[in-house]
Amino acid sequence: MTGENEDKAKSSMLKNLWQALRHPNKKYALGSLLSVGFVAGVIFWGGFNWSMEITNTEEFCISCHEMEQNVYREYKQTIHYSNRTGVRATCPDCHVPKTWIHKIARKIKASNEVYHKILGTIDTREKFEAKRLELAENVWKVMEETDSRECRNCHNFEFMDFPSQQKRSRESHDGAIATGMTCINCHKGIAHELPAGVTSEGGAATFGHKSK
C-alpha cells in the first residue's frame with residue numbers, strides 16, 4: 001500500500017505541476033518570469049563580459065599568426081616590451097580603449113579584421129608588407145582623432161617631470177603642448193617598424209627616404 005500511495009502522490013504532483021504550467025497563476029507567473037529573466041540576464045552579462053575580457057588579452061591578439069609573426073615580434077624589441085622599470089604595455093593597452101562605450105565601438109570595428117582574416121588578406125609576410133603603410137595610416141588616423149587616448153593611459157603631460165627630461169624631449173613636449181600636437185604625431189614607429197618610405201626624423205615620422 002505504501003508503494004501505491006507514493007505512486008499516487010508522485011502522479012498527483014506531476015498533474016499539479018502540469019496544470020500550473022498550462023494555467024499559471026498570474027501572481028506566480030509574473031514572479032517566475034522576473035526570476036528567470038534576472039538569472040538569464042546575469043548569465044548573459046557575465047558571459048558577455050567574460051568574452052570581452054578574453055579578447056582583450058595579448059594571448060588572444062597574437063593567436064593570429066599575422067600578428068604574431070609580424071608586429072608582435074617587432075614590438076618585443078622595443079622599450080614597451082622590456083625596460084628598466086619592468087612596466088610593460090601590451091597590445092590591448094595600446095589598441096583597445098578602456099572606457100566601455102569606446103571599447104564596444106572598437107570591438108564592432110574589429111569585425112572587419114575577422115573578415116580579412118578569413119579572406120587571408122595579410123596571411124603572408126609579403127602581403128603584410130604590401131599593406132603595412134595602409135594599416136599604419138589607419139591606426140595613426142584613429143590615434144590622432146582620439147588625441148592618442150590609449151597612450152595617455154600611461155603618459156600624460158600633466159604628470160611629466162619636465163626638468164628631469166633630456167633637453168630635446170623637454171623642448172619637444174613643450175612645443176607639443178603649445179601647438180596642440182598629440183603623441184602619435186611624433187611617436188610613429190615607437191612600437192612597430194615604420195612602413196617603407198616613411199622615416200623618423202627628429203622624432204616625427206615623415207614620408208620619403210632620409211638623405212645620406
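The values are calculated or read from the model by the stated rules, or taken from the named source; none is laboratory data. Source: prediction; values computed, not measured. Positions of Cβ are generated from backbone atoms using ideal geometry, with glycine treated the same way; all protein chains shown enter the neighbour counts.
For the condition more than 21 Å from Ile62 (Cα to Cα) and surrounded by 13 or more Cβ atoms within 10 Å (Cβ to Cβ), Cys183 qualifies. Inside the stretch 109-135, residues that are touching a residue at least 24 places away in the same chain (Cβ under 8 Å) and among the charged types (D, E, K, R) make up a count of 5. For the stretch 93-103, the tally of residues that are closer than 20 Å to Asn49 by Cβ and part of a helix (DSSP H, G or I) stands at 6.
Candidates are the residues of the stretch 104-148 that are within 22 Å of Thr55 (Cβ to Cβ) and among the hydroxyl-bearing types (Ser, Thr, Tyr); the one that is modelled with the lowest pLDDT is Ser111. Report yes if some residue within the stretch 79-101 is over 19 Å from Ile190 (Cβ atoms) and in contact with a Phe, Trp or Tyr (Cβ under 8 Å, 6 or more places away or on another chain); otherwise report no. No, that holds for no residue.
If only residues of the stretch 117-129 that are exposed (fewer than 14 other Cβ atoms within 10 Å of the Cβ) and assigned to a helix (DSSP H, G or I) are counted, the one that is farthest from the chain's Cα centre (by Cα) is Glu126. Screening the stretch 147-178 for residues that are part of a loop (DSSP other than H, G, I, E, B) and free of Cβ contacts under 8 Å to residues at least 24 places away in the same chain and picking the one that is nearest to Glu66 (Cα to Cα) gives Asn156. If you filter the stretch 130-166 down to residues that are among the basic types (Lys, Arg) and over 18 Å from the mean Cα position of the chain (by Cα), you find that the one that is surrounded by the fewest Cβ atoms within 10 Å (Cβ to Cβ) is Lys131.
Under the condition of being loosely packed, with under 13 Cβ neighbours inside 10 Å and within 18 Å of Glu145 (Cα to Cα), the residues counted in the stretch 84-99 number 2.
If the Cβ limit is 7 Å and pairs must be 6+ apart or interchain, which residue in the stretch 91-108 that is within 16 Å of Val139 (Cβ to Cβ) pairs with which residue that is of a type in the set (Val, Ile, Thr) and surrounded by fewer than 17 Cβ atoms within 10 Å (Cβ to Cβ)? That search, which allows pairs on different chains as well, returns Pro92/Thr57. Based on this model, can you work out whether Ala40 counts as within 20 Å of the chain's Cα centre (by Cα) and either modelled with pLDDT under 90 or hydrophobic (A, V, I, L, M, F, W, C) (or both)? When the stated conditions are applied, Ala40 does not pass them.
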